[in-house]
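First comes the structure, then the notes that go with it.
Here, each number is a calculation from the coordinates, and none is a lab measurement. Source: prediction; values computed, not measured. Here the Cβ positions follow ideal geometry from the backbone for every residue, glycine too, while neighbour counts run over all protein chains shown.
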Amino acid sequence: MTLRFVSVLFAISCHSMGAHAAACESPPGHVVLGTYQPKSDGSAPVILEIRPNDIDIEVRVERASAQVTRYSSPGGRNGPQWIYLPAAPSAAKVCIYATYQQRTADAYSIAPVDVSRRDVLQINALRVLSDAAALWAADTQTARTTAVDLYQQAARQALLDRSLSEHAQLYAALAQMQRYQYDSALQALRSLLQGRPDSTYVQYAAHWAIGSLLNRKADFAASAAALETALAIAGESNGKGGLAPRRDIAEITNLLGEVKLSGGDIAGGERLIRQSLAQSGDDAQLLGMIHNNLGYVYLLQANAATGARRSDLLGRSIEQHFRARDYAQRAGDLREQSIIENNLGTLLERTGDLRRAREHYERALHLVDSMDDPLRLKILYRALGAAYLTLGDYAKSERFLAAAIQIAERSEPGEATRMHCQLGTAQRLMGRLPDAVAQHAICHSRAQKAGDDRVQAEALHELTIDYLEQGRNDQAWKAISEAAALLPQVRDGDARSKVLVQQARVLQSRGDDAAARTSAREAVTAAASARYPTARVEALAASMTVHAAQNRTAEAISFGGQAIEAIESIHAQLDAERLGPAWSGRTDDVYVGLAELLIADYNTKHDVKSLLAALDVVERSRAISLRQQFAAPTAVLRQVENSPALDTLTEIANTEAFSNDADGLPLSYYHEHDLLTLSRLAGAGDLPVPRPLGGEEIQKSLAEGQVALCYFVATDRIVLFVLSRTKLDFIDLGSKKEIYELAARFSDAVTKRSDRQVQALRDLSMRLLPQRATRQRAHTWIVSPGEGLHGIPFNALHVGSAGGEYQPAMSLYAIRRVPSLSAYLMQRSRRSVEYAADLALFADPAFRATEGTRSSAALMVSSRQQRLPWTAKEAEQLRGLFPPRRTLVYVGSEATRDNLRSLPVRNSRVLHIASHGYFRASSPDNVGFALAAVSRPRVDSGFVTLTELFTYRFNNELVVISGCETAMGEERGGEGLMSLTRGFIAQGASHVMSTLWPVSDRASADFMGLFYKELVSRGSVGEALRAAQVELSRRPQYSDPFFWAPYVLTTVAPDDRMTF
């Protein structure tokens, strides 16, 4: 649980008024406690002392000149504040508000300080305290750091005034504590108490703060002793000398209960927390904190329980946290709300509800986003980093974890230990093994020093994997043995399951079959009590692998089937844009392993049922998120339009797209992305993953003359399923490595415009299109490429005889690419759309904004791009093919993001975009294309990201993206390419035509003219593409495949007929 410190944010305000001026206005969420009119002739300064009476107050001072000065203090409910009002001819009005909407009689006292009895140093100290309070109110890191210095300066200047000096020292320490300078704060507080302060408030507040700090350092015994002392002092002072700290007593009691819980005394902690509940009355702010800790009670009880009892206790914990959130919202306590939302996210993760967990994390992030509060950000970045690591979004995980570690190392290095482990894992999974080893070594060393058995076990588990990847098998065996030896002291289900999974794999590699099976089965048992449901997937997958290695095929297939059922239950909670595909990428190996088992079973038994089962697994692994999206009711697919996060994402993406920074997108991009995701997820339920079509269903759905080519990339081989209405064939194409090398040779040849292009295509055809695959009579190929094959132009593969003249496939076949056969053939609900236009066309965007005088880094970056004059000529050609009243044309400065997002454009039959596409393998998250830059009504670089496409519904039948590499994107195992094509299809488009490599501006204009002419006359997208490619290839200047082969049609609708 996250602690709430004694210090409370004050936004202190005042309004000018005359002697009988109107009462203070009540800002939203604030209660006016009173108004004070300082008496002054304006010739001398006024110093006010405001003493709150067990209530959080806010004050604002405003002069008649409308000059407003805000103050705040870290002093809490009973700490006095001093405000210095300089000499001025105009009067000032002082307004006092309740920070958390508390109401109480005699809430505060206010009076001027008698400066005649103060020396110069004391007056200056009061002025410095006032200046520090003004800086504290700014609530920024820089201002508050300076405020700490001023509080310390005031303490030195007020040495002759013991009481004033004590308060200044206390506030300096409390301020340091809020700025995460824990060691300095602890030293200052102990020094203060050694001086035996006179003020009872200073005494108990100092002990309270020490207890909070020691709790942060996990020194629970010393923390409890300090808090008990604070309670004794506060209790004795209650009702004496005008001090009645009832609320402080309740909060200290609640914190003491929390410390007892953290120290293992659950019964004692619960008793104290319930005692504080009785003391709190109707104070919503306190009730929020107390119910948050009651939720902690039930969570700890759940950790020690199993089965139905555990589920019941987790449910009670969640209920208490929701109650806590309601109270915090009622009080307007944003910081406490952020803590509670984070805790709810943690709890819902434990119940396996990842969708709702992410909602709460992102709500917390939204609350903290406006605060300058690194500690809160650290907590959330840590939680989000861990969640994204678990679900396979490694780039996002790395950014969040690195930011959390940076904050923690400055304030709480001990808390950074486990994050180093998680960061190392993300780095290893991104291919940076040396970085991973370094992070895991830090994690292990620190955990060992702290005696943390759980984190030690996790670190050793990760080091085992690192060592195995480095070929250091003896060190891997030693590491996993040490981790297994720690398991009797580890109760955490996730940690136990991870260690047992890796132990099973290592034992299997060492030939200890029986022990490997035992560890694998124990891992499945441990995963039942794990925090993340992904632990069950890993344990079942390991059991499949271990049993397969021992030729226990039936058992292995059973474990594999259970694993993919668990994978798909998690998919139901994930979005289709990022986490669904990321989870597919992480779990694709499970599908591959199971499909390989079934294929091996078919090769042994020659039972077609095994072959059909293998095809079923391959289809289940493909385009899962897309099928999920297609099967969902349209009302569930929440769109978020005009979010301010979109403009921020666009500017960041645009800047990174044209930078030379190899580090990829900054944390701010992922931060804003999560805020946008919050809007999308709000209120959405789970989206079940539909089962794919079976092999026989696929065959029945194919038309006469259609052949489906489904490539399956196994561990080290590639196989091909060939399906027609009457036949199912299975062909082993050979070594994956060799085929990938051939694909790389073609990519190199086409990039360099080499005369080796055709030979490279011939070589690829020999491997990818054996005669058995092309023997069937057909006019249409439906191609489902496997991993690593998406960049191959199947339309250009040679289909003639081995030694004959080059004959590209497009000369005989219309070729359609599909994300999966099931995604293409499945029934899906489409909105009934009345098309606003036949064609919406964007071309030759003006990348340099010329309107107005505003400048922006985004506009400067955007202006580096070169105009595309041939796309303007392309637009003129296309304009002439469609009736003017049915055509929307946006050229130059009108080709903007705002126009792209307009309803008429998104509801046009065809959407054509001719501009620069962007994809860089070193930053695969950043996929997009460029539209016009504008400076009015707001600065807009014009960069359209994949995230933006997932934010709007596109009801177009056909989208044509005429630009460079617009078909390319990050490849996710099973899901395919996360490209612009994927974005448009996921959001409603039926067909998307895009490019595999950079295209010639002029050749593209000529090709598009041919394509649209054929489309209008033939009425078929596939036939129009084929005819245009054939015609372009016949022109001498364009005969090179470089010019005509990059255009590919990706479709999810069997009917490609269009009428205009």
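Some notes on this structure:
- Electrostatic dipole magnitude of the chain [Cβ: Lys, Arg +1; Asp, Glu -1; Cα centre; debye, to 20]: 1100 debye
- Here the peptides 976-984, 314-322 are ranked by packing, the mean other Cβ count within 10 Å, and the order with the highest first is 976-984, 314-322.
- Mean Cβ neighbour count within 10 Å, used as a protection proxy, ranking 114-127, 892-905 highest first: 892-905, 114-127
- Dmax and Rg, reported as Rg then Dmax, of the stretch 377-482 (C-alpha, Å): 13.1, 40
- q = 0.05, 0.08, 0.09 Å⁻¹: log10 I(q)/I(0) that the Debye formula gives for the chain, counting C-alpha atoms only: -0.40, -0.91, -1.07
- Using only the C-alpha atoms, the convex hull of the stretch 546-598 corresponds to 65 Å³ per residue.
- Taking every alpha-carbon pair within the stretch 691-795, the share separated by more than 19 Å comes to 46 percent.
- Dipole magnitude of the stretch 370-587 about its Cα centre (Cβ charges: Lys, Arg +1; Asp, Glu -1), debye to nearest 20: 160 debye
- Approximate spin-label separation VAL833-ARG330, in nm, with each point projected 7 Å along Cα-to-Cβ: 4.8 nm
- Sites ARG1018 and THR604 - FRET efficiency at Förster radius 60 Å, r taken between beta-carbons, to 0.05: 0.80
- Modelled spin-label separation between ARG775 and GLN1037, with each label point placed 7 Å from Cα along the Cα-to-Cβ direction: 4.5 nm.
- Kirkwood radius, the stretch 432-529, all distinct C-alpha pairs, inverse of mean reciprocal distance: 13.3 Å.
- Backbone amide hydrogens, once placed in the peptide plane, bring LEU33 within less than 5 Å of ILE96, TYR97, ALA98, excluding anything fewer than 5 places away on its chain.
- The ranking of TYR890, TYR204 by Cβ neighbour count inside 10 Å, starting from the fewest, reads TYR890, TYR204.
- Each residue of the stretch 378-390 was assigned a 3J(HN,Hα) from its phi angle through the Karplus expression (A = 6.51, B = -1.76, C = 1.60, θ = phi - 60°), giving 4, 4, 6, 4, 5, 5, 5, x, 5, 5, 5, 4, 4 Hz with x at Gly and Pro.
- Extension reserve of the VAL32-ASP312 stretch, reckoned as 0.36 nm per residue once the Cα distance is removed: 96.5 nm
- Rounded to the nearest Hz, the phi-derived 3J(HN,Hα) couplings of the stretch 255-268 under the Karplus curve 6.51 cos²θ - 1.76 cosθ + 1.60 (θ = phi - 60°) are 5, 4, x, 4, 4, 4, 4, 5, x, x, 8, 5, 5, x, where x marks glycine and proline.
- Binned Cα-Cα distance frequencies in the stretch 732-845 - 5 Å width, integer %: 2, 9, 16, 18, 17, 12, 9, 7, 7, 2, 0
- Relative packing of peptides 989-997, 457-465 - highest average C-beta neighbours within 10 Å first: 457-465, 989-997
- Distant-in-sequence amide H partners of LEU85 (H built 1.01 Å from N, under 5 Å): VAL46, ILE47, LEU48
- Cut-off under 5 Å, modelled amide H: who pairs with VAL799 long-range: GLN807, ALA809
- The stretch 370-587 has equivalent-ellipsoid semi-axes of 29, 21, 15 Å, by the square roots of 5 times the alpha carbon gyration tensor eigenvalues, sorted largest first.
- Looking at the stretch 575-633, none of the GluC sites (Glu not before Pro) sits in a DSSP loop with at most 14 other Cβ atoms within 10 Å of its own Cβ.
- Charge-dipole axis of the chain as Lys and Arg at +1 and Asp and Glu at -1 on Cβ define it, positive-most pick from ALA895, THR951, SER941: ALA895
- The string of couplings for the stretch 284-298 from the Karplus curve (6.51, -1.76, 1.60, θ = phi - 60°) is 4, 5, 5, 4, x, 5, 6, 5, 4, 6, 5, x, 5, 4, 5 Hz, one whole number per residue in order, with x for Gly and Pro.
- Top positive-direction residue, dipole computed over the chain with Cβ charges, set ALA408, LEU186, GLY593: GLY593
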